[in-house]
Amino acid sequence: MRRILLAAVAAIALGGTALADTIKVGVIGPFSGPFAIQGKNFKAGIDAWTALNGAKVGNDDVEIVYRDLPAANPAQAKSLAQDLVVKEHVQYLAGFYFTPDAMAVTPLLEQANVPMVIMNAATSAIVTKSPLVVRTSFTLWQTSVPMAKVAAQRGIKKVITAVSDYGPGVDAETAFATTFKADGGQIVESIRMPLSTTDFSPIMQRVKDSGAEAVFAFLPSGPTTLGFLKSYNENGLKQAGIQFLAPGDLTQESDLPALGDMALGVTTTFHYSIAHDSGENKKFVAAARTAIGNPAELSFPSVSAYDGMRVIYKMIEATGGKQDAKKAVDAVKGMAWESPRGPVSIDPESRHITQNIYLREVAKAEDGTYYNKEIQTFPNMTDPGLAAAK
Ligand code: PHB
């Protein structure tokens, strides 16, 4: 009793500054269902951030409120976001694995006075839908342009593309084709696959029949990408000498144990490898592995979530914990830091992350585990997709 009284007196003496608010951050992602590992990686990145930086900004407590969205479902995304804003009073919205979900929520932001920090959804146009969107992941334009350059440099002349038929797939196809053709290459056929496709054998037959020297592919990371790469191997395309070109979504680390030697030597372009050699990354990976529990499940959405939290903490600091979405977003324009992926910054105009893109090759470590070995760097890339859209 005496101690409580003393504490109360001390708080009054401090002029009430000891009064702390709780700032809520609503995170929407796939936490159950076939893409649950991707959502688990959002949470691992967020937990790694709080483990290393605490759950407070100044005097304010930061609380994360998770909402599960197992598959791309714009209507459900919108209602979850509304619920988080109206009932939970979140000051920030974050997460968003699939593009259609992020797109469905952007019209709510201004009226709700809430910034959105995208931790995955990778279609270029999302950031143009609201001035309150900031993205810490990547775009398919950022990752696919370097892959087209590499293909041309390797002397490949004829490519067939195969992409999931929605935003990021169309971006990947356009980015690859535009760049590859400008470098003298030819696209012999462009296949668009429904998101629900699980049997890829007919696609592999079309690839074989097309006469292409290589297939460029994009599907959203998850059971889809695992199935596609398995099918490429099992249908004899590798043996037939048809090369496999893709952004790193196709060789995410959590798929590598199941792919085993099938993935060996596959080259991809991406913003992040868990094997990135830096002190910042070692610190992150140690914390994120502890957070996720099973180290083999750690994958790329964790790093965008971790960096997304850095951005949100900066926003909270800049607004003194007050709800002011515009001021929050303005505060992170031009923000630069050393991410576990390498040096990054938030482009002040697009609010998308500027970063290195790496060419990587799946290799086997001495302990028998597989990893994405970085072999070339395309430094400081802004999003070429935004320039192309103008
Ligand atoms: C997306 O829907 O924007 C998306 C999902 C998974 C990926 C990349 C992009 O691996």
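The values are calculated or read from the model by the stated rules, or taken from the named source; none is laboratory data. The structure presented is a predicted model; accordingly, all values stated were derived computationally and were not measured. Cβ placement follows ideal geometry from the backbone for every residue including glycine, while neighbour counts extend to all protein chains displayed. For accessibility, only protein heavy atoms count, side chains too; no ligands or nucleic acids. Shrake-Rupley method; radii C 1.70, N 1.55, O 1.52, S 1.80 Å.
See the values below:
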{"quantity": "Matching residues in segment 283-319 - criterion: being more than 19 Å from the chain's Cα centre (by Cα) and within 18 Å of residue 253 (Cβ to Cβ)", "calculated": "283, 286, 290, 293, 294"}
{"quantity": "Of residues in segment 58-77 being more than 16 Å from the ligand (Cβ to nearest atom) and touching a Leu at 6+ places or on another chain (Cβ under 7 Å), the one nearest to residue 314 (Cα to Cα)", "calculated": "65"}
{"quantity": "Subset of segment 118-141 that is assigned to a loop (DSSP other than H, G, I, E, B) and more than 15 Å from the ligand (Cβ to nearest atom) - its residue that is surrounded by the most Cβ atoms within 10 Å (Cβ to Cβ)", "calculated": "132"}
{"quantity": "Failed item, numbered, when residue 339 is tested on (1) hydroxyl-bearing (Ser, Thr, Tyr); (2) buried (at least 18 other Cβ atoms within 10 Å of the Cβ); (3) touching a Ser or Thr at 6+ places or on another chain (Cβ under 7 Å)", "calculated": "(3)"}
{"quantity": "Residue that is nearest to the ligand (Cβ to nearest atom), among those in segment 90-117 that are polar (S, T, N, Q) and part of a helix (DSSP H, G or I)", "calculated": "99"}
{"quantity": "Residue among 311, 344, 362 that is open to solvent by less than 30 Å² (accessible area, probe 1.4 Å) and part of a helix (DSSP H, G or I)", "calculated": "311"}
{"quantity": "Qualifying residue in segment 295-303 (condition: in a loop (DSSP other than H, G, I, E, B) and modelled with pLDDT under 95)", "calculated": "no"}
